[in-house]
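Shown next, in structure tokens, is the structure this report addresses.
The values are calculated or read from the model by the stated rules, or taken from the named source; none is laboratory data. Because the structure is predicted, anything quoted here is derived from the model rather than measured. So basically every Cβ, Gly included, is an ideal-geometry build from the backbone, and we count neighbours across all protein chains shown. Heads up: the accessible areas ignore ligands, DNA and RNA and are worked out on the full protein's heavy atoms, side chains in. Shrake-Rupley method; radii C 1.70, N 1.55, O 1.52, S 1.80 Å.
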Amino acid sequence: MMDLLDLLHDTMSSPWVYLAIFAIAVLDGFFPVVPSETAVITAGVFAASGAPYLPAVILVAATGALVGDHISYAIGRGGGTRLLDRLPPNSRRRAAIDRARRGIATRGGLILTVARYIPGGRTAVTLTMGAVRYPRRRFLAFDALAASSWGLYSALVGYLGGLAFEQDPLRGLLLGLGLALTVTVVVEVVRWLRNRRRFSEPGSDAVSAGAVSRSADAR
């Protein structure tokens with residue numbers, strides 16, 4: 001265990017750690033198996049002892065997330081649009097995409113910001129926003145806010161864990177990861193409850209679109 005902590009300390013003390021955090025955050029934007037939160041939180045834990053430098057961790061994490069999200073958006077805009085155009089006009093998938101398009105058009109900024117805190121969910125949202133051709137400038141503005149808040153949150157969660165267990169970085173890391181997991185679960189539960197209430201409303205767009213789709217498929 002001490003060897004692992006020594007390795008982490010040596011890694012976090014290296015100037016190359018900033019490039020590693022940036023690269024991981026970029027990859028996580030369109031390849032969500034890369035755990036960017038874990039990397040940023042770990043850097044935040046060790047930043048409590050002086051290295052790496054906390055503001056630099058926040059900056060490179062946010063910049064990497066922004067770049068990764070735009071790569072995902074570009075992938076969706078390039079290939080996703082053609083796939084959506086091929087969907088049958090009266091199919092259920094077309095109806096679902098139309099609902100997603102309406103939702104993104106009315107509250108795209110909120111959806112993008114919330115999704116940034118859901119591993120995997122952020123990629124689905126950015127791909128969809130590219131596929132439905134959400135305005136690029138608006139995407140940039142909202143995503144800059146989302147990526148900045150995510151970078152700040154992830155680094156500070158680790159930093160607070162590091163301060164709480166300054167003499168025991170492993171416990172600080174576990175505390176930081178636990179706090180991040182708790183926030184993710186809370187966000188998912190709130191999102192699920194909101195969707196459940198919206199879909200249960202008789203006059204909701206989702207129910208109406210679903211009825212139209214079922215009627216069209218029946219014909």
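Between ALA164 and TRP16, what's the calculated FRET efficiency when r is the beta-carbon distance and R0 is 22 Å? Round to 0.05.
Once the sixth-power term is evaluated, E becomes 0.20.
Express in Å², to the nearest 10, the accessible area of ARG77 obtained by rolling a 1.4 Å probe over the protein heavy atoms while all chains stay in place.
Solvent-accessible area, nearest 10 Å²: 60 Å².
Give me a comma-separated list of calculated 3J(HN,Hα) values for the range 138-153, in order, Karplus coefficients 6.51, -1.76, 1.60 applied at θ = phi - 60°, integers in Hz, x for any Gly or Pro.
Along the range 138-153, the couplings run 5, 4, 4, 5, 5, 6, 4, 5, 5, 5, 5, 5, 5, x, 5, 4 Hz.
May I ask you to evaluate 6.51 cos²θ - 1.76 cosθ + 1.60, the Karplus curve with θ = phi - 60°, for each residue of the range 13-26 and list the ³J(HN,Hα) values in order in whole Hz, giving x for glycine and proline?
8, 7, x, 6, 4, 5, 5, 5, 4, 4, 5, 5, 5, 5
How large is ³J(HN,Hα) for each residue in the range 122-137, as worked out from phi by the Karplus curve 6.51 cos²θ - 1.76 cosθ + 1.60 (θ = phi - 60°), to whole Hz, x for Gly and Pro?
4, 5, 4, 5, 5, 4, 5, 5, x, 5, 8, 6, 4, x, 4, 5
Once you list every other residue whose beta carbon is under 14 Å from the beta carbon of GLY151, what net charge do they have if Lys and Arg are +1 and Asp and Glu are -1?
The answer is -2.
Take ARG102, project a point 7 Å from its Cα along the Cβ direction, then tell me which residues of the range 114-130 have their backbone nitrogen under 18 Å from it.
Once the point is set 7 Å along Cα→Cβ of ARG102, 129 turn out to lie under 18 Å by backbone N, inside the range 114-130.
Please give me the summed charge of the neighbours of LEU27: other residues whose Cβ is under 14 Å from its Cβ, Lys and Arg +1, Asp and Glu -1.
So the surrounding residues net to -2.
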